[in-house]
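Everything on this sheet refers to the single structure shown next.
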Amino acid sequence: MLMNDMGDSSRERLTSRTWWYAAMFAGMLSVMVLLGGVAATVLPGFDPAMRVVNGVLAIVGATGAWAARLGYRSRRGKLLALALACALGSSAMLVVLRSVA
């Protein structure tokens, strides 16, 4: 019987896809937070304290996008965890700030 082992390595492809999806989720969420923070900082209608807080959240979003890219390329779980923490934490802060303001 002929074995169909063409070097498919489906487990490796699954691992690669999992890393890709996690990095894309963290990166896209971080970029959305970054754009929201920059828009809230630049656009009129916010007081100076909110501009500073949104600027800091934009920096955290940029850090999350950077960590997602680097975490995917180097396959480091700590960087991907940092990216997810930055993305989810800063988006939660944006939701809280928008509901309070």
From the option list ALA49, ALA39, single residue qualifying as open to solvent by 20 Å² or more (accessible area, probe 1.4 Å) and either within 16 Å of VAL96 (Cβ to Cβ) or basic (Lys, Arg) (or both) is ALA49
Considering residues that are assigned to a helix (DSSP H, G or I), of a type outside the set (Lys, Arg) and over 12 Å from LEU34 (Cα atoms), the number found within the stretch 89-101 is 8
Taking the stretch 61-84 and keeping residues more than 10 Å from VAL33 (Cα to Cα), surrounded by 15 or more Cβ atoms within 10 Å (Cβ to Cβ) and of a type outside the set (Lys, Arg) leaves THR63, TRP66, ALA67, ALA68, LEU70, GLY71, TYR72, LEU79, LEU80, LEU82, ALA83, LEU84
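The values are calculated or read from the model by the stated rules, or taken from the named source; none is laboratory data. Every value quoted in this text rests on a predicted model; they were computed, and no experiment measured them. Backbone-built Cβ (ideal geometry, glycine too); neighbour counts: all protein chains shown. Heavy atoms of the whole protein, side chains included, go into the accessibility calculation; ligands, DNA and RNA do not. Shrake-Rupley method; radii C 1.70, N 1.55, O 1.52, S 1.80 Å.
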